[in-house]
Every structure is written in C-alpha cells, then in structure tokens.
C-alpha cells in the first residue's frame, strides 16, 4: 500500500507517476459505492462508451497498428501536412546530426505543449503556408510550429532560428506571443497573458535546473539539453544499437520544472503542481496536516512526457521502458466523453451551482447554459480522478474486443485513436460550439 511511501515523504510521492493511479482509484472506489459529493455513476453505460470509441477508431483507421500515439506531433501535422518530418528532412539535408536534430525536436515540443492550454471557441489561426484555418489544439500546434520555425524563440533567429533559447524565453512578452497566435480584438484567445508568463518561467526554471538541462561549454541553455541528461544518465544500447531510455528519468527532468507552474499547493516548500484535495476520500479521523486525500494528475507534465517520448524515440531511433506508469489524460475531451454518454453525471446541487456560475461568467450562453467550475473546484477534481480510472477500463475493454495486449494496443493509442477524438466528436454532435458538457475556467496553464 502506498501509505508507507506517504509517511516517508509525501511531497515526493505526490509528484511521482504511481501516485496518480493510486489516488484516483480511491476516488473511483467511493464512486462505486455512491459516496462521491458531486458525481453519480451509471456503470451500465460503460459498454456504450466503449462502443462509441470503437466506432470512432473504425471510421478513422483501417487497421489498429496505424493508430499513432497521443502526442503533440499529431497537431503539428494538422490538415494532413507532414510539417515535423519536413523540418527533420531539412535538417538532415543541412548535415545536422541525429542528436542535435532530436534536441531541436525537444525544444519545439516542450514549448508547444506548454502553449497547448485550451484557446476558447472564438480563436482561430490561419496557416499562411497552406492557407488552411485551424482552431483549438490544431491551431495552437500549427501556430507554435510556425513561431519556432520563424525563430521567435531563438536568440539568433537569422543563423540559428530552429532553437529555443532560455534567455529569449525569459524576455518574451505577451505581445510577441499574441502576434504569433494572430490574436486581436476579433480573434481573442483565452489566457494569453498566462501563456507568455509560463514561457518566461520555463526559461528561469531551465536555467536553475542544470542537472537535468546540462549546457556544454560555449553552448546555449535550452530545453533540448534534457536529451544530454538522458544520454549521460539512463541510456543503454540494445543489440540493435538502439538507445534505451527510462520513462522515470524523463519524468524527473520534466518534474524538475515545477517552479514554472503558478503557485498552487506547496508541501514542505515543494511546489506540487497539478495536485488537488478531494474531500470525498478524506478520512474523518485523518489529522489536519494529512495529505492522504490529495489527488495528483500532472496532466500537462504527462502530455509533455507522451509528446517527448515520441519525439526522442523517432529522432534518435530509441526506445523507452516504463511507459505503463503514465495514465490517461484527465482533460475535458476524455472526461467529457464519459459525461456526454451518461456514464458520469453531476449531482443536482452541483449541477445547479455550475449553471449559476455559467450565468455569471458566460451570459452569452443564456438559454444554453452548461455547468461551469474553476479548475480546482471539488467537482472538477472528482471528474478528473474518475476519468483517469475509466480510461484504463476503456483501454482494457478495447483490448478484449480486439484480442490485443498492452504492448500491441497502448494506452497512448487508445487516447489518440479513440477517447480524445470521441470526446470531441460527441461534443460536436451535442453542441454546435463543440464545447465540453462541463466548462472549466482556465488560466491557460492546465487545460
């Protein structure tokens, strides 16, 4: 049981990957006994959800091995353009070696994931190269890619545009980022100030974390130096000459950037990040200082891990071990799927409270109100915890249907082929705006 670890050092435990499933499972178990404060569960709807996801996969892919992993790479290639591969080919042709190419991919992916919080339904982005217009995650991805390509994040945009420099990140202004995203009065984006601030703080955090982001003599400090940490600490080569890396090493590097998140829960001076109290699992006899009811999600850090895994594996022809400790991502598409198909529903009092907040905050939705909550609201914490466990269950059911195992149908493929796209599809069926069934007020740093 994890309590042995907790007693030892709760701040390390709550920032570890295994703690996510452990704590979400406790919330799920309460839900099975109808002891949650904000959600009811209708377990009979699980097969309906599985069937819906299966249909989405079947429509999109003619064979399961064609499903790519869930990663930022998909959004860069929006519209069917292989933008990332084009860049890699350009670098290869210019004689850039595989290690430096992969550093550049890490630069690009790290910044683009941090810029990936929900943009809102009004914002759109026109890609000048293809003339295509994109919204939401695809728009954010293509815009980030174009900013990177143009050298917006480099201190030497003329000679070395395809690089992210820590010094440059610290000097980025909201104006730079909003220009890159084509934001203006008629094209507003949620949380634009939060995004620029996050990049400034990313620059400072990397500078302070020289262990995980080592900078060679005469080189610049940059996110891509995380690759050098992995190569020197946790890499071995197998018989085929492939590098073997370990997910926990990558996770440590990503979690070392904890100071860049806005101040939330701190424990013994350590910034915990995406960790929230859940009263439904709080024991009445727990001492006041207990953290046994705190639930970690680390959604953006996990999204970054999934994305960097793919970038590093493809860039360096490497393999990672230990990815089973990553979880499904508790965000509004995956969670929305479960609500829209009736597996989860808000209890009446919570629903009423959310509708009242929506009327206050989004008067334009009058007549079509959706329940709305802040990101740390206890209802959102329960929703996200249930989502993590149900994503595991959906993956298990799909493997049973297709007669595959965890290696041949990975959770990352289930998220990509299935649940994330299914969540968006059902939202669009039910609401022309394609908003999720529960709205989360975002500061541009979690969702």
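Across segment 42-90, the volume of the C-alpha convex hull divided among the residues equals 111 Å³ per residue.
Relative to the dominant Cα principal axis of the chain, helix 299-316 is inclined by about 40°.
Neighbour counts of C-beta atoms inside 10 Å place 70, 75, 246 in the sequence 246, 75, 70, starting with the fewest.
If I build a Gaussian network model for the chain, linking alpha-carbon pairs within less than 10 angstrom, which residue out of 90, 331, 416 has the largest mean-square fluctuation? Fluctuation is largest for 90.
Below 8 Å between Cα atoms, with a sequence gap of 6+, how large is the relative contact order for segment 131-200 in percent? Show your work: numbers first, answer last.
Numbers: 63 pairs, mean separation 16.5, N = 70.
Computed over segment 131-200, the figure is 24 percent.
Spin-label pair residue 236-residue 355: with each label point 7 Å from Cα along the Cα-Cβ axis, the two points sit 6.0 nm from one another. Max-minus-min Cα coordinates of segment 297-357 on each principal axis give 52, 22, 16 Å, with the largest extent listed first. Note on residue 365 and residue 175: the model spin-label points, each 7 Å out from Cα along the C-beta direction, lie 3.4 nm apart. Give me the one-decimal nm value for the distance between modelled label points at residue 347 and residue 218, 7 Å along each residue's Cα-to-Cβ direction. If labels sit at residue 347 and residue 218, their model points lie 6.6 nm apart. Cα centroid separation, segment 91-127 to segment 305-378: 23 Å.
Counting other Cβ atoms within 10 Å as a rough exposure proxy, the listed residues 38, 293 run 293, 38 from fewest neighbours to most. When you restrict to C-alpha pairs under 8 Å that are six or more residues apart and normalise by the size of the chain, the relative contact order lands at 25 percent. Counting only alpha carbon atoms, the long axis of helix 83-93 and the longest principal axis of the chain meet at about 20°.
Full extension of the chain between residue 63 and residue 211 gives 49.0 nm of extra length, using 0.36 nm per residue less the Cα-Cα distance.
Counting other C-beta atoms within 10 Å, which of 81, 332, 229 has the fewest, and how do the rest follow?
Values: 81 16, 332 24, 229 21.
Fewest to most other Cβ atoms nearby, the residues stand as 81, 229, 332.
Between the C-alpha center of segment 20-71 and that of segment 251-290 there is a gap of 25 Å. Relative intensity of segment 179-311 on a log10 scale, I(q)/I(0) at q = 0.18 Å⁻¹, equals -1.11, per a Debye sum over C-alpha point scatterers of equal strength in the absence of solvent.
Once the Cα atoms are used to define both axes, helix 46-60 deviates from the longest principal axis of the chain by about 30 degrees. Rounded to the nearest whole angstrom, the semi-axes of the ellipsoid equivalent to segment 370-447, taken from the Cα gyration tensor as √(5λ), stand at 27, 15, 11, largest first.
Estimated purely from DSSP H runs of n ≥ 4, each contributing -39500 (n - 2.57), the mean residue ellipticity at 222 nm for the chain is -14500 deg cm²/dmol once divided by its residues.
Pairs of Cα atoms under 8 Å, at least six residues apart: use those to get the relative contact order of segment 23-110, whole percent. Relative contact order of segment 23-110: 12 percent.
Calculate, in whole percent, how much of the Cα-Cα pair population of segment 307-447 lies beyond 18 Å.
Of all Cα-Cα distances in segment 307-447, 61 percent exceed 18 Å.
For the chain, modelled as a GNM whose springs connect Cα atoms under 10 angstrom apart, the maximal fluctuation among 358, 278, 24 occurs at 358. Estimated at 0.36 nm per residue, the fully extended path between residue 290 and residue 96 surpasses their Cα-Cα distance by 64.6 nm.
Between residue 12 and residue 167, full extension at 0.36 nm per residue minus the direct alpha carbon distance yields a gain of 52.8 nm.
Only the coordinates and a few stated rules stand behind these numbers; no lab work does. Note that the structure is predicted; figures quoted are calculated from it, not measured. All Cβ positions, even for glycine, are placed from backbone atoms using ideal geometry, and neighbour counts span all protein chains on display.
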